[in-house]
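Here is the structure we will look at.
The values are calculated or read from the model by the stated rules, or taken from the named source; none is laboratory data. This structure is a prediction, so every number in the text was calculated from the model and none was measured. Cβ sites come from the backbone with ideal geometry, for glycine too, and all protein chains shown count toward neighbours.
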Amino acid sequence: MNSPKKDGDDDVPVKDPVKYGELVILGTGCSFYRVLSEIIFPQACFVQVWFDFASVSLDDHMPCVVDACFTAGLVIFAAVHSRGQHSISFTLSRNQTVVVEYCHDNNTDMFQIGRSTESPIDFVVTDTSGGGKEGEDPSIAPSTISRFACRVVCERNPPYTARIYAAGFDSSKNIFLGEKATKWKNPDGHMDGLTTNGVLVMHPEGFPEDPKQGLWREISVCGDVYALRETRSGPSRGKLAEGESSALRDGSLVDLCGATLLWRTGEGLMRAPTLRHLEALRQELNASRPQCPVGLSTLAFPSLPRSHSLEERQPWVYLACGHVHGRHDWGQRSERVEVPGEGEGSTTRRECPLCRSVGPYVPLWLGCEPAVYVDAGAPTHAFVPCGHVCSESTARYWAETPLPHGTHAFRPVCPFCSSALSTPGWTRLIFQGPID
């Protein structure tokens, strides 16, 4: 990898772009992800195009503690408003503030993530499950995602390690931890702290070939790893996780209290299925001409990517047994069940005409975000209760992966729509082939 060529300089070789990886927002669906990464924020996938935007690293010679209130204001003003200086301000009391200044690091690139649409944010994230109380309209509920939630620092040289840190620098190149924020001084004298709702990370083992879920941890502002607090915004930090790192792995999950992100490395994406491969699986499945066992009509999955508008030949499934049918009105029961996240018709319990199992009856949709697949297997299983279809290995992995929910709870969700999964969270699909 060489330096980028300047205009008119034929002797300077051009550095090839390096793709550090991709961040995928779980539960938003393929169409929203494509708009977010390709149109609004073309560099949201952490593609290194130019090297003009270097990262910043701690300058050990610059931290200062100021005791006088008026003097503290002057120091913070200078640090915050210096165009070329990044800093973190730790407010200990009304008259004591620690300002840690950072210097530029030409060996790394920094990318910032948060709810803010200001220029320092490279990857804008909004809530996928609503920031308010359960049952509230997410469009009016206050967001729990920080405006400057976290930052990812990627090494410019192989193996291009990406590390995550809580909090991001604002437009004034400052991270400000107020008096009520959880903060402390480490034994080596460096200050550190946590954001209000925390940045949680889970590193799986063996992803994607033989994935095993890891423990959820919290990342500090300086990138140290801690056990979870008693509640999401509790005042006391968890125990330091000795020997654990903030370096992201292929399949690492990052939770921002309102949205969960999946990190796929550049190397991992080369082995992952593509949207073209998923389309080929869809065509192969439709070519087998699955039929409704009662109406004898031929079923077909809609093309990818596709908005969730029902089509005449849309496959439907009885989630209690997995039998796939066409859309029909028979077998309805008078009782109704309310299951969060279910689609049209899913609240009405139906009796399967083949096996008499009673349960939700929902349309099937082929999951179309390739990054969440752990293999390129055939679409044979559906998540319960939403009806998104994927491979067996993918369904099992996500059904066994609890994601943070609320202040201290965890629950598995569909990676395609964020619907809370039942127990078990998936069902095997039973198709009937053509009888001719």
Original post:
What strands (runs of 3 or more DSSP E) completely inside the stretch 346-421 contain at least 3 residues that are closer than 28 Å to Glu312 by Cα?
Top reply: 348-351, 358-363, 381-383, 388-390
**OP:** Just name the residue that is farthest from Glu209 (Cα to Cα) out of those in the stretch 272-298 that are without any contact (Cβ under 8 Å) to a residue 40 or more places away in the chain and part of a loop (DSSP other than H, G, I, E, B).
**Re:** Gly295
Original post:
What tally of residues in the stretch 222-244 results from selecting those that are at positive phi and free of Cβ contacts under 8 Å to residues at least 12 places away in the same chain?
Top reply: 1
Original post:
Failed condition for Tyr160, given (1) out of contact with any Leu (no Cβ under 9 Å at 6 or more places or on another chain); (2) touching a residue at least 60 places away in the same chain (Cβ under 8 Å); (3) over 25 Å from Tyr20 (Cβ atoms), with all others met?
Top reply: (3)
Subject >> Candidates Arg217, Arg264, filtered to the one that is in the same structural domain as Asn157 (by TED's automatic domain parsing), within 20 Å of Gly198 (Cα to Cα), outside any loop (DSSP other than H, G, I, E, B) and of a type in the set (Lys, Arg) >> reply: Arg217
Original post:
Mind checking which residues of the stretch 411-436 are closer than 30 Å to Pro235 by Cβ and in contact with a strand residue (DSSP E or B) (Cβ under 6 Å, 6 or more places away or on another chain)?
Top reply: Arg411, Val413, Ala420
Subject >> Total residues in the stretch 223-244, condition over 15 Å from Arg151 (Cα atoms), in contact with a strand residue (DSSP E or B) (Cβ under 8 Å, 6 or more places away or on another chain) and in a loop (DSSP other than H, G, I, E, B) >> reply: 9
Original post:
Where residues in the stretch 261-278 are in contact with a helix residue (DSSP H, G or I) (Cβ under 8 Å, 6 or more places away or on another chain) and farther than 17 Å from Ser391 by Cα, which of them is surrounded by the most Cβ atoms within 10 Å (Cβ to Cβ)?
Top reply: Arg264
